[in-house]
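The values are calculated or read from the model by the stated rules, or taken from the named source; none is laboratory data. Nothing here was measured: the structure is a model prediction, and the numbers come from that model. Virtual Cβ from ideal backbone geometry, glycine too; neighbours counted across all protein chains shown. Surface areas here come from the heavy atoms of the whole protein model, side chains and all, with no ligands, DNA or RNA. Shrake-Rupley method; radii C 1.70, N 1.55, O 1.52, S 1.80 Å.
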Amino acid sequence: MKIHEIISESRQRPTVKLTEGARIAHAEDLIFFEGSAGALRAIENMTALAKNRDTLSIKWDGRPAIVFGRGEDGKFILTDKAGFGAKGYNGLYTSPKEFVAQKRSKGGDESYLAKFVSIWPIVEAATPPNYRGFVLGDMMWFPGELQDNGKRYVFTPNTVTYEVDKNSDLGHRVGQGKAGLAVHSFYPSHGAEGQALKSTAGLNVNSELCILGPEIKNEAPLQQDKSKAKQLSQYIKKNSKLVDGFLDSTTLAGLKMSGLPDLLYTYVNAMTKTQDLSMLFNRFLPWLQSNPKLSKIMVEKVTNYARENQAALKAIFDIFDGISHLKLDIIHQLDSHEGPVIAHVKGARGGEGFVNTDPGGAIKFVNRLGFTAANAINNS
């Protein structure tokens, strides 16, 4: 099979390898890492959904992550993320015996090992002999874990519970699957850069492994507030010089503050854990100055820079907030849609979110105060 048949055809920015912990940016975080151009891109990405839903995929909340496929010699390999990125040992296991022996030597949990052994023949049967390359995915259910409430199949692999209509096409596939796997990335070889999957082409989708791929769409009719999107775009353009000057990489490097965009990202994630993303501008310096993980020198540098550029910093957080509200409106409409898949966290509608691709790459739409906070608690 040909690689271009299964990876996204959209032009991708350089992708971080799996071993480096690649992450897809939240729509609102693009203001930190791409400046005003990134913020405008986020808005364009969202508004484009009203006309074209083909680039939008469900962000499944599975666990654990596994990597499987075949090398150039055609041998089947199944491993986890730790094994695929291992440097001190060979984590590309070609048999359940190899996997168990290696994991036991590192004190692996026996129930975890048993689950991997149970899916080995199922995943291998879904990977044809002529397949080449590796797929990264998240387990949705192991053998024996799929539940049936009469009308829907139910599975809770991590934080989110999914219910699939038994009478839908997807429901028929789910019911036939001894195990379920959501796939999202493809690696043409070990150590290569990963790319977003366009489809599940090449894999045996009629096997006992129910493969949930990017072809599964949310068809909710979207009603978007064009006036708010337009107003926010105008605000971004009006403040673009301030924002881009504040985040200019050359300026930050000269001040030895190249990590400022990451610090802003860390800050909003810390506020997410408190369940409060309001008044971000006002609360930034108090958070900064009470952060024990930062050196006194760095705190002083950032404090002075923020005070000297208050208008720019305020604009950045205003834009972050504006994009967040536009994104949440879309998420709520998608989550409330009565399609074949219903996701909820402890009864509250909504899943991990969605991913939408454009010529610049992938952007994720996640409810930070919903899924992100609940996931942090669930996995703490």
*Here are some conditions: (1) surrounded by 13 or more Cβ atoms within 10 Å (Cβ to Cβ); (2) touching a residue at least 40 places away in the same chain (Cβ under 8 Å); (3) under 20 Å from GLU34 (Cβ atoms). TYR267 meets all but one. Which one does it not meet?*
(2)
*Restricting the range 61-84 to residues that are open to solvent by less than 20 Å² (accessible area, probe 1.4 Å) and part of a loop (DSSP other than H, G, I, E, B), which is farthest from ASP138 (Cα to Cα)?*
GLY74
_the range 137-147, subset part of a strand (DSSP E or B) and open to solvent by 10 Å² or more (accessible area, probe 1.4 Å), residue farthest from LYS75 (Cα to Cα)_ = GLN147
*Going through the range 193-214 one residue at a time, which ones are free of Cβ contacts under 8 Å to residues at least 24 places away in the same chain and either under 18 Å from ARG132 (Cβ atoms) or buried (at least 20 other Cβ atoms within 10 Å of the Cβ) (or both)?*
none
*asked:* Take LEU197 and tell me if it is of a type outside the set (Ser, Thr, Tyr), within 30 Å of PHE76 (Cα to Cα) and modelled with pLDDT under 95.
replied: yes
_Lone qualifier among LYS296, LYS327 - being surrounded by fewer than 19 Cβ atoms within 10 Å (Cβ to Cβ) and basic (Lys, Arg)_ = LYS296
*Inspect all residues belonging to the range 148-171 and state whether any of them is in a loop (DSSP other than H, G, I, E, B), of a type outside the set (S, T, N, Q), more than 17 Å from THR200 (Cβ to Cβ) and out of contact with any Phe, Trp or Tyr (no Cβ under 8 Å at 6 or more places or on another chain).*
yes
*Among the residues of the range 93-105, which ones are aromatic (Phe, Trp, Tyr) and assigned to a helix (DSSP H, G or I)?*
PHE99
*May I ask you to list pairs of residues, at least six apart or on different chains, whose Cβ atoms are under 8 Å apart, with the first in the range 169-183 being more than 11 Å from ILE119 (Cα to Cα) and among the polar types (S, T, N, Q) and the second being part of a helix (DSSP H, G or I) and open to solvent by less than 100 Å² (accessible area, probe 1.4 Å)?*
none
*State yes or no: is GLY108 closer than 15 Å to PRO64 by Cβ, small (Gly, Ala, Ser), part of a loop (DSSP other than H, G, I, E, B) and over 24 Å from the mean Cα position of the chain (by Cα)?*
yes
*asked:* Please count how many residues of the range 85-94 are surrounded by 13 or more Cβ atoms within 10 Å (Cβ to Cβ) and touching a residue at least 12 places away in the same chain (Cβ under 8 Å).
replied: 5
*Scan the range 241-264 residue by residue and report those that are open to solvent by less than 60 Å² (accessible area, probe 1.4 Å) and within 21 Å of VAL366 (Cβ to Cβ).*
PRO261, LEU263, LEU264
*Would you tally the residues in the range 322-341 being farther than 13 Å from ASP225 by Cα and free of Cβ contacts under 8 Å to residues at least 60 places away in the same chain?*
4
*Among the residues of the range 334-374 satisfying the criterion of being more than 17 Å from the chain's Cα centre (by Cα) and assigned to a loop (DSSP other than H, G, I, E, B), which is nearest to HIS172 (Cα to Cα)?*
PRO340
